[in-house]
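Values in this text are rule-based calculations from the coordinates and carry no lab data. Since we're looking at a predicted model, the values are computed, not measured. Cβ sites come from the backbone with ideal geometry, for glycine too, and all protein chains shown count toward neighbours.
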Amino acid sequence: MSLEESFHNCFLYFMKAIDVLSLDALEQCDAMGNFNVAWEIQHDVLDGGTSLINWPNEYLSQPEKDAIAQVLRSIKELPDGALIDDHMRAMNHPYWTDLRLMAAHLRLQLDAAIQRNRDFFDNRRPQG
């Protein structure tokens, strides 16, 4: 797999994590299979986002990287009460409300990158 294809796969899965982050508590729990929901979302976003902003090639603009970094800073600061084992109680912690809004806003900020990602995969499909 090329570096470019690796980037686009990483970006695709990061955006799936951002989509889950933007859901309400019940939808988040359903999407994550009601297992370690808070921890899984936090780590999916952190792992993918960290990889993207540190990628060796410049596939993202600096404003796009900055927007991702802002969400990463906030999700790293989740209080203990938002990461408890009782996933519905954890996901209803007020701190998640701001993160959901940030995730929705990030999608708007990354609109051009999302389109580039779609174009990359569309151009890889066999024509027929």
**OP:** Taking all pairs of distinct Cα atoms, average 1/r, flip it, and tell me the Kirkwood hydrodynamic radius of segment 25-78 in Å to one decimal place.
**Re:** 12.2 Å
Subject >> With Cα atoms, 0 to 90° folded angle of helix 37-53 axis to the chain main axis >> reply: 30 degrees
Subject >> Percent RCO, i.e. relative contact order, over the chain, from Cα pairs under 8 Å lying at least 6 residues apart >> reply: 33 percent
Original post:
Which one of Leu99, Gln109, Leu46 is farthest out on the positive end of the charge dipole of the chain, using unit charges on Cβ (Lys, Arg +1; Asp, Glu -1) and the Cα centre as origin?
Top reply: Gln109
Subject >> Ratio of the Cα radius of gyration of the chain to 2.2 N^0.38 Å, where N counts its residues >> reply: 1.10
Subject >> the chain - charge dipole about Cα centre, Lys and Arg +1 at Cβ, Asp and Glu -1, debye rounded to 20 >> reply: 280 debye
